[in-house]
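The structure appears below as structure tokens.
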Amino acid sequence: MDDLQAIQRLKAGDINGLEILVMRYQAKAVRTAFLIMHDEILAEDVVQDTFVHIYQRIGQFDLSRPFEPYLLRSVVNAALNVAQKAGRHSSMEGGFDQVEGLLSQAASVESEMEYIQLKQGIIAALAKLEPRQRAAVVQRYYLEMSEREMAAALDAAPGTVKWLLNAARTRLRDLLGSERNVE
């Protein structure tokens, strides 16, 4: 069953339509929220709340639009709202283990160790970004959204999106560069 059929079932009052969408997109949605919030439990809560919100307003969903970008945009916005309300510049204690499955494995033991160190550095650097900057990085590089799509999702001017991305990249460069200089 495709997304359109699941949504049509949901609009007709069949809760199984939601179950299909949850099974299809929950893991990606939780990873997306986690990359912004750096808290697995909060990420799961945000995704659950987002699915409930979509269920409650499914009658307003435009069937001519694809579901996945709509869901992930909703997850990013909800995660960003929670992170900003909580004033989170959260630490990444245990974060490496939680995102282990997000990135592919390296081929050799030697390159795998370098890869693990690189992942740890990137995750630690992401955790030091402001929530809006983390959201911009996740939308651009994980969800592969265009700057125009990001501007619409964040309800911001395209110049603001460019500024957020530039500031995030600059900060990440500084953070990752300083880690290399320490070693």
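The values are calculated or read from the model by the stated rules, or taken from the named source; none is laboratory data. Predicted, not measured: the structure shown is a model, and the values here were computed from it. In this analysis, Cβ positions are derived from the backbone assuming ideal geometry, glycine residues included, and neighbour counts consider all displayed protein chains. Remember, those area values only see protein heavy atoms, side chains included, never the ligands or the DNA or RNA. Shrake-Rupley method; radii C 1.70, N 1.55, O 1.52, S 1.80 Å.
A few remarks follow.
- Residue list for segment 1-32, restricted to those being in contact (Cβ under 8 Å) with a residue 40 or more places away in the chain, of a type in the set (A, V, I, L, M, F, W, C) and within 30 Å of L126 (Cα to Cα): L21, A29
- Inside segment 1-48, residues that are assigned to a helix (DSSP H, G or I), farther than 24 Å from K128 by Cβ and open to solvent by 70 Å² or more (accessible area, probe 1.4 Å) make up a count of 10.
- Taking residues in segment 139-154 that are under 15 Å from R31 (Cβ atoms) and touching a residue at least 60 places away in the same chain (Cβ under 8 Å), and partners anywhere that are open to solvent by less than 60 Å² (accessible area, probe 1.4 Å) and not in a helix (DSSP H, G or I), the pairs with Cβ atoms closer than 7 Å and at least 6 places apart or on different chains are Q139/M145.
- Qualifying residue in segment 101-114 (condition: surrounded by 13 or more Cβ atoms within 10 Å (Cβ to Cβ) and either modelled with pLDDT of 85 or more or not in a helix (DSSP H, G or I) (or both)): yes
- Any hit, segment 71-87, residues being at pLDDT below 90 and not in a helix (DSSP H, G or I): yes
- Per-region count, segment 128-137, residues of a type in the set (A, V, I, L, M, F, W, C), open to solvent by less than 10 Å² (accessible area, probe 1.4 Å) and not in a loop (DSSP other than H, G, I, E, B): 2
- Where R140 falls short, out of the listed (1) at pLDDT below 80; (2) open to solvent by 50 Å² or more (accessible area, probe 1.4 Å): (1)
- Some residue of segment 51-60 being touching a residue at least 40 places away in the same chain (Cβ under 8 Å), over 18 Å from V137 (Cβ atoms), aliphatic (A, V, I, L, M) and surrounded by 14 or more Cβ atoms within 10 Å (Cβ to Cβ): yes
- Among the residues of segment 143-166, those that are in a helix (DSSP H, G or I) and open to solvent by less than 30 Å² (accessible area, probe 1.4 Å) comprise M150, A151, A153, L154, V161, L164, L165.
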